[in-house]
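Just so you know, all these numbers are worked out from the coordinates, no wet-lab data involved. Since the model is a prediction, treat every value here as computed from it, not as a measurement.
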Amino acid sequence: MKKLLQPVVAVLVSLTVMVSGCSSSGETAKPASTDQKPAEEKSSAKMVSIGVFNPPISFNPLISSRDLSSAELGTLLFEPLINRIEPLQFLPQLAESFDTTDKQTYTVKLNPNAKWTDGTAVTTEDVAYTLALIANPKVESTLGSSIAFLEGVGPDGKLPEGQTEISGLKIVDAQTFELRAKNPTDPNMIKEQFGMKFKALPKHVLKDVKPEELVKHPFMQNPNVTNGAFTLVKYEKDQYVEFAANKALPGGRFLESSDHPACLY
C-alpha cells in the first residue's frame, strides 16, 4: 500500500471512512460494474488494508501507549471503557455508563452483554485485576499517570510497597464499580485520561502469571482471548498484522475482516 494513513484506526466508527478512502493496492478504486452482484459489492466493502509507519512492539494494553502503532492496534483488540467521537462527546464502549454527581466518586457500569472471545463474561473482576496490575510497583506499565487520580495510589499511580488493594476502587457487583478520586476532578479529564486509556485484561486467562513476568508473557504478543472489535488472526512481524471482526461484540460491525495483508507497515 503506497499511501500511508495516519492516524491508524482510533475508534470503531472511523472504520467506515477508511474503507471508502483506501484500496489495498494503492491505486484509485474503480467503480463496480453494473452487472456485479450486490452481495459481492457488500462483501468487498467490508475489507480494508491500512498502512502504519512502525510495527507494534506488543499488544499489551498496560504499556501500549509507548508507541502509536501498539496503542492504536491494541484498541482493536481490547475495548476501552469509552471513546471520544467529538470534543467533550464520549461514546460508550465496554462501559455502558460513566457517571458522577459530585466529581469525586465515579460510577461505571459495564455492558452486561460484553464477553471475551472465549465466551466468558467481561466483569468487574477483570477491571479490578487490571487496575491492580497497573498499580503494582513490580509491573511495567505506562498507565500509572492515568490512574494517579485514585485514592490509595501515589502520584505515579503505584501502590505503596506491600499493599495490594486500591482504596479508591469499590466493586459493587459483576457489572458495576466505583472510582474515588483524591479530590473533585473534572469529569472530562477522568474520561479522557482513564476511560479512554484503560483496557481490561482477562483475569481468568492471566491470573496465574506472576505480575512481574506479565510483560514478557506470550499472550502479549499473541492475545488469543480479547474483547475488542476485532480478533487477532496473524502477526507476521515487520510485515503485517491481520485482524478479523469479532462478531460477538455487542453493537454491530463495520468490517468483517482485513484483506491480506492488513495494517501494512
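In the range 79-219, inverting the average of 1/r over every pair of distinct C-alpha atoms gives 15.4 Å as the Kirkwood radius. You can think of it this way: the chain between residue 101 and residue 224 has 40.5 nm of extra reach, that is 0.36 nm per residue less the Cα-Cα gap. Subtracting the Cα-Cα distance of residue 115 and residue 208 from their residue separation scaled by 0.36 nm leaves 31.4 nm.
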